[in-house]
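Working notes for the structure below.
Derivation of every value follows stated rules applied to the coordinates shown; laboratory data play no part. Predicted model only: the values in this text are computed from it and were never measured. Cβ sites come from the backbone with ideal geometry, for glycine too, and all protein chains shown count toward neighbours.
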Amino acid sequence: MESLLPPARLRGSVVFFYCSFNDTHSQSPQNILGSILSQLYQESEESDLSELEKAYEDQSRNTNRPSQIPEQRLFDLILKKTQTKMETFIFIDGLNECAEPSVVLSWLKTLVNTTRRVHIFLSSINEKGIEDELRDVKSLTIDTLETTRIGGDIILLIYASLEAHPRLKMHSAALREEIAEALMTGAQGM
């Protein structure tokens, strides 16, 4: 990640989010936006928190779920916050694991089209829906990773998972090897 960032003197804010296939909370567009907003505010002055506090107060008055600020309000706060920064770099890993990638992409495209101060790096497996959503973004570079470039990491993950799984540890090494081969062949490196 460090190699993707500009020199320290040019940095603004850097935020990261990982959409995990086995953590449903990380797959929610609302949680993704909330995490981005939270990270942007972490470096803020005490007096700068008034907008965020007001959003929570408004939500508390209007519903019994104060922690669930609507996506539009989260986005508006992100947009306002990024406009006060020199630059903002947003990294989202595993977008394809998100419950509604098109919703997240819609927010991100609006953000990029609204301000030149935001730079977004997305990683995802190559899914047609995601690629289609990104087709109309003017300032976009797509770099497709070949499965051979990431296959080694996948192999290590498969073997580590098989060794760590309590029920699979009881079976023979030959069976675990057969399972690993089936996973690697069937997934084609993904």
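In nm, give the distance between the simple-model label positions of Leu168 and Thr185, each being 7 Å from the Cα along the Cα-to-Cβ direction. According to this spin-label approximation, the distance is 1.6 nm. The order of the peptides 78-89, 28-39, 110-121 by mean Cβ neighbours within 10 Å, most packed first, is 28-39, 78-89, 110-121. Spin-label model, Phe121/Glu177: points 7 Å from Cα along the beta carbon direction are separated by 3.8 nm.
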